[in-house]
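The structure appears below as structure tokens.
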Amino acid sequence: MESQPEKSTSPSQAGKNTSLFDFEKPIVKVMGVGFLFILLITVFFTITRGSDFCVFTIGSCTDISHRVNEPMAVVGVVAGVTAAVALTFIELPAAMAVGVGVLVWWLVNSLVN
Amino acid sequence: MNLIELNNVSKRLSQSFGLDGISMTIKQGEFVILKGKNGSGKSTLLNMIFGLDRPDSGEVKLDGRSPQDPKSKNRVGAVLQTVTPPKDIKVKEFVELWRSYYPKPLSTEEILHAVDLKGKHDYFFDKLSGGEKQRLYFALAIADLPKLLIVDEPTKELDAEGKQDFWEQITRCREQGITILMVTNESSDREKIEALTTRCITLEWNKEDGKSKIVADEIVGNITSSANQEEYSTDEPQNFIPMLLRQTWAESLKLFRNPIYLLGILLLPCMVVFLTPDENKVNIQLLFFAGISLLTFAIERIGSTVANERSEGWLKLLRISPLPPTVYLAAKILISLAILIVNLLLILYLGAWRIGVQADGRWVTIFSSLILGVIPFIILGLALGYLFKPKSVNVITGLSIPFALFTCGLPLPAPKSVQDLIPFSPFYHYGQLVLWSAGMEYDNYLLLHMFWLVWAGCIFGFLAVWAYQRDEVVQR
């Protein structure tokens, strides 16, 4: 058998290589800074909500204008989306499920209008 | 020269099992048998030698380099269990693809002739017999006339004829001076093993402390000369372009051999003819339709193919080759972009021709925004492919559609606090970018939307890299 350990590694290194929270890795540092940035913006949007102090405005001061606002049109979209999601649950490939969803949307739209 | 070096390597996989303080070296010219009962950690040890798994402590070197460095595998061949080549590629095409990963490979004819698969060029992997599959794995292992061959329980599933074939190949490799590390417990092969082996290492798991250690390391024969092996440096930089071209070619073959999927790519855009030719609505409907179609293909296509190849064992096979993962991923992204471009061109063309959409000369801007904006979602699909099983990727893609529609303008009953979170969704920023490109009303923060999409691409990219590096990727 080979001679015993020539190089020893400190116990603190155990598990380091596979840890998501190893802050010595540049990738984890960048992700950490990014998440802090997102957190900062979230706090900003939350505390300025409804006020006149608008820097970015989206989501805080401005009402996001929804473009599909006819109830009858919404019914078709909801039916199509429900069909598409349900089909992915029964293992139909998502692209085909979306195709069926579009057909359902078109059928419902034709019926209600 | 040491081809494999392990210095005090430890790896704990569970409370009751782990490798402990494994130290060993394998020199050029040796034929080493690694023995041990089932569950003694032989495969875990091989995974660490190949860089498929990282040790908790200690150091592993393969051909003088870290096994995570793709160059360390330039002159190492392997025949492993639980790996499968892609099923949509023929034998000859697959060998040609595999050759492109190595700097100085044998010719395709030489490789197929060496393992006696000459008449099977046009067979798909599924159509080969057990012995022929084993010979194909052997063909891959010798593609670059390796210095070191690592073989994991090779004769386990073989019939008598297959075993005979296998031992002929091994004897030929020994005559060429190839160093061999073989994991085996087959007692029926004892005679062959005794005739060739130079060293025998035994691993044993101790039930009391849950640790597996080397308990015996015996020299049983003389090391053979490796003088007839061609020497070349593995320090030369890898040439990525031929690898990328060959990998992209293989991806396109897989696509064109899946006619149902291909039909789906062409039929889904054709559904644009169902849109109402109403002047006020048709532009926004077309943009919604194009966006949803692109998002579906972007996330589902790459996510499902990566998840499938991972579960079939193809990715494990790739990881033991010198192919850098970036080349594999770049080929996947290129093919996905090609699919999305065809899809979008059809939608825009049919939109203009069949339902009379007018874009007032903005077609190029619309096209570019839709394609560039979807790149972060292709990367998301990649991350999903490494994190989940194929079925889950499909369901997540399905669920992302209502989420995308909601954040892009579909009014659903949701409290104000939920609506305030909409700007954090990358789908929202994609939607706003597309509205800008079509010259429609949007919230006037174009730079913020671009920045957010770049940021989302980075986050999804880091997630994909992390998922790729996760040990469990190869252990499932």
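Details
- Radius of gyration and Dmax over the Cα atoms of the range B:2-219, both given in Å: 17.4, 53
- Set of lysines with alpha-carbon distance to B:Lys332 below 16 Å, sequence-local pairs under 8 removed: B:Lys254
- For the range A:71-112, a Kirkwood radius taken over Cα pairs fed into Stokes-Einstein (10 °C, viscosity 1.306 mPa s) yields D = 161 µm²/s.
- FRET efficiency for B:Arg65 and B:Asp217, using Cβ-Cβ distance with R0 set to 25 Å, rounded to 0.05: 0.55
- Within chain B, helix-based [θ] at 222 nm, where runs of 4 or more DSSP H residues each add -39,500 (n - 2.57), nearest 500: -16000 deg cm²/dmol
- Coupling constants for the range B:210-221 follow from the phi torsions by the Karplus curve (6.51 cos²θ - 1.76 cosθ + 1.60, θ = phi - 60°), and in residue order they are x, 10, 10, 9, 6, 10, 8, 9, 10, 7, 10, x Hz; glycine and proline get x.
- Table column - 3J(HN,Hα) (Hz), the range B:94-108, Karplus curve with 6.51, -1.76, 1.60, x for Gly and Pro: 5, 5, 4, 4, 5, 4, 5, 7, 10, x, 9, x, 6, 6, 4
- Euclidean distance between Cα centres, the range B:306-340 to the range B:341-394, Å: 21 Å
- Where labels lie 7 Å past Cα in the beta-carbon direction, separation of B:Tyr349 and A:Leu36 in nm: 5.1 nm
- Nitroxide proxy distance, nm - points 7 Å out along Cα→Cβ at B:Gln358 and B:Asp159: 7.3 nm
- Between the amide H of B:Lys35 and those of B:Ile201, B:Thr202, B:Leu203, distances stay under 5 Å, these residues lying 5 or more places away or on another chain, with hydrogens modeled in the peptide plane.
- Restricting the chymotrypsin sites (Phe, Trp or Tyr not before Pro) of the range B:253-325 to loop positions (DSSP other than H, G, I, E, B) with no more than 16 neighbouring Cβ atoms within 10 Å leaves nothing.
- Taking 0.36 nm per residue of separation and subtracting the current Cα-Cα distance, fully stretching the chain between B:Leu245 and B:Lys104 would add 49.1 nm.
- For the pair B:Leu262 and B:Ala195, label points projected 7 Å from Cα toward Cβ lie 4.9 nm apart.
Read the figures in this text as sums done on the coordinates, not as results from a lab. Everything quoted here is computed from the prediction, not taken from an experiment. As a convention, Cβ positions derive from the backbone with ideal geometry for all residues, glycine included, and neighbour counts pool all protein chains shown.
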